[in-house]
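Take a look at the structure set out below.
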Amino acid sequence: MPEDVYMLIQNKYRDLQKQAKEASDRKIAILYHDHPQLKSITDEISSLSGELIKLTLKRQPQSQIDELKTRIDELKALRQQYITDNNVDMSAFVPQYLCPECNDTGKLPNGTRCSCFSDHYAQIKFGTADMSILRRENFESFDLNVFPEKAPNGTPQREQMAHLKSAMEDYCNTYPEVAKKNILISGKTGTGKSFLLNCIAKALSDRGIPVIRLSAYKMINELFSKYIDDSTDFDAELERICETEVLMIDDLGTELMKENFTHNTLYYILDRRAELAKATVISTNLNVKQLEDKYSDRIMSRLFNTRTTNAIQLSGADIRLRR
Ligand SMILES: [Zn+2]
């Protein structure tokens with residue numbers, strides 16, 4: 001992993017911890033404002049505790065130390081009584097970390113890396129690597145005028161695109177509360193698939209949702225080379241792909257068919273992501289018939305699960321010829 005990405009992730013964790021701590025401090029301030037008595041008891045406990053340390057260090061008579069200890073215990077009991085009597089919500093004192101597994105440290109108590117690490121990695125890597133494209137191609141810069149009003153076959157292409165644009169914006173704004181998490185966009189080259197995918201990637205990333213975007217070709221190639229190296233990298237990469245919140249696969253159908261490997265891996269990814277209820281957004285140049293010829297029934301059943309997938313067919317003229 002390049003050093004700078006690693007450093008960015010560490011900074012991200014530091015920021016998240018700081019945010020959680022500050023949010024907790026704000027809640028505590030409000031709580032003490034509402035319960036001044038609780039604050040004064042707490043302040044007294046901490047000031048007496050400081051005194052106790054001093055007395056102990058100065059080797060003062062044990063009787064004096066014991067007396068102070070008793071006073072502190074009484075105050076603690078009083079504090080607890082106040083909390084119970086007034087039904088005080090003490091959750092303010094527990095910082096709410098984004099990842100409760102690792103408290104935004106990236107490390108689990110047993111020292112292993114937390115699963116949120118790969119989300120941050122994906123988000124940071126994705127964000128820095130593709131920023132230039134995403135700055136150009138996003139919902140704000142989406143110009144419906146590049147689409148002809150009517151396609152050669154007579155379908156109202158611009159109107160269809162306007163409709164699709166607003167549906168996809170809704171999807172991005174409301175994710176994960178969407179009726180169907182998966183999107184399959186098919187259409188010939190130049191009908192705006194990749195532009196649409198860029199818009200979706202940008203809008204989701206802007207909302208802080210981890211997105212990994214890969215071409216099908218690259219995804220399968222990289223997995224395959226790790227697979228034949230027999231390295232643990234294969235498991236890690238497969239896990240990263242399966243577990244990211246949103247996986248975008250460009251140009252399904254362009255990947256190389258490495259005997260059973262491609263089919264099995266593709267099925268495993270789609271199936272695992274369905275199981276985890278994570279979103280998979282796919283673009284392809286192939287039509288349904290071509291997909292059927294290329295993929296097994298079980299892959300097709302994952303791709304075209306109408307319960308979980310929005311299948312979108314882009315038709316019409318090649319807009320690149322109009323630009
Ligand atoms: Zn974590």
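Only the coordinates and a few stated rules stand behind these numbers; no lab work does. None of these values were measured; they are calculated from a predicted model. Every residue, glycine among them, receives a Cβ derived from its backbone with ideal geometry; neighbour counts consider all protein chains shown.
Observations, loosely collected:
- Between Ile30 and Glu275, the modelled label-to-label distance comes to 4.1 nm, taking each label 7 Å out from Cα in the direction of the beta carbon.
- When the chain is described by a simple charge dipole with +1 on each Lys and Arg Cβ and -1 on each Asp and Glu Cβ, the residue from Ile72, Gly111, Ser215 located farthest towards its positive end is Ser215.
- Radius of gyration and maximum dimension Dmax of the range 3-93, Cα, Å: 19.0, 58
- Residue (of Leu8, Asn305, Thr284) at the positive-pole extreme of the chain, dipole from beta-carbon charges: Thr284
- Couplings for the range 276-290, taken from phi via the Karplus curve 6.51 cos²θ - 1.76 cosθ + 1.60 with θ = phi - 60°, read 7, 6, 9, 7, 10, 10, 10, 10, 8, 7, 7, 8, 4, 4, 5 Hz in order; Gly and Pro are left as x.
- Residue ranges 207-216, 101-110 sort as 207-216, 101-110 when ordered by packing (mean number of other C-beta atoms within 10 Å per residue, highest first).
- Normalised by the number of residues in the chain, the average gap of Cα pairs under 8 Å and 6 or more apart makes the relative contact order 20 percent.
- Stretching Lys218 away from Ala23 to a fully extended chain increases their span by 66.0 nm, per 0.36 nm per residue minus the current alpha-carbon distance.
- Whole-angstrom Cα spans of the range 135-207 along principal axes, big to small: 37, 28, 19
- Proximity of backbone amide H atoms, modeled 1.01 Å from N, is registered between Leu314 and Ser186, Gly187 at under 5 Å, excluding neighbours fewer than 5 places apart on the same chain.
- Zero-based 20 Å bins, Cα pair distances in the chain, whole percents: 24, 42, 21, 12, 2
- Using a Gaussian network model of the chain in which every pair of alpha carbons under 10 angstrom is joined by a spring, one finds that among Tyr121, Tyr267, Tyr32 the greatest mean-square fluctuation is at Tyr32.
- Integer Hz, Karplus 6.51/-1.76/1.60 couplings in order for the range 40-46, x for Gly and Pro: 5, 5, 4, 4, 5, 4, 6
- Long pairs among Lys18/Lys180; Lys39/Lys107; Lys27/Lys76; Lys21/Lys69; Lys107/Lys218; Lys18/Lys165, criterion Cα-Cα beyond 27 Å: Lys18/Lys180; Lys39/Lys107; Lys21/Lys69; Lys107/Lys218; Lys18/Lys165
- Placing pseudo-labels 7 Å out from each Cα toward the beta carbon at Asp143 and Ala311 gives an inter-label distance of 3.4 nm.
- Here the gap between Asp297 and Asp43, fully extended at 0.36 nm per residue and compared with their Cα-Cα distance, gives a gain of 84.6 nm.
- Extension gain, Thr155 to Lys76, is 20.9 nm, computed as 0.36 nm per intervening residue step minus the present C-alpha separation.
- Gyration tensor analysis over the Cα atoms of the range 234-323 returns equivalent ellipsoid semi-axes of 24, 16, 14 Å (largest first, whole Å).
- In the chain, taking the dipole from charged Cβ atoms about the Cα centre, the farthest positive-side position among Ala20, Ser46, Asn182 is held by Asn182.
- In this simple spin-label model, placing a label point 7 Å from the Cα along the Cα-to-Cβ direction at both Glu169 and Arg113 gives a separation of 3.8 nm.
- Charged-residue dipole, Cβ positions (Lys, Arg, Asp, Glu), the chain about Cα centre, Debye nearest 20: 560
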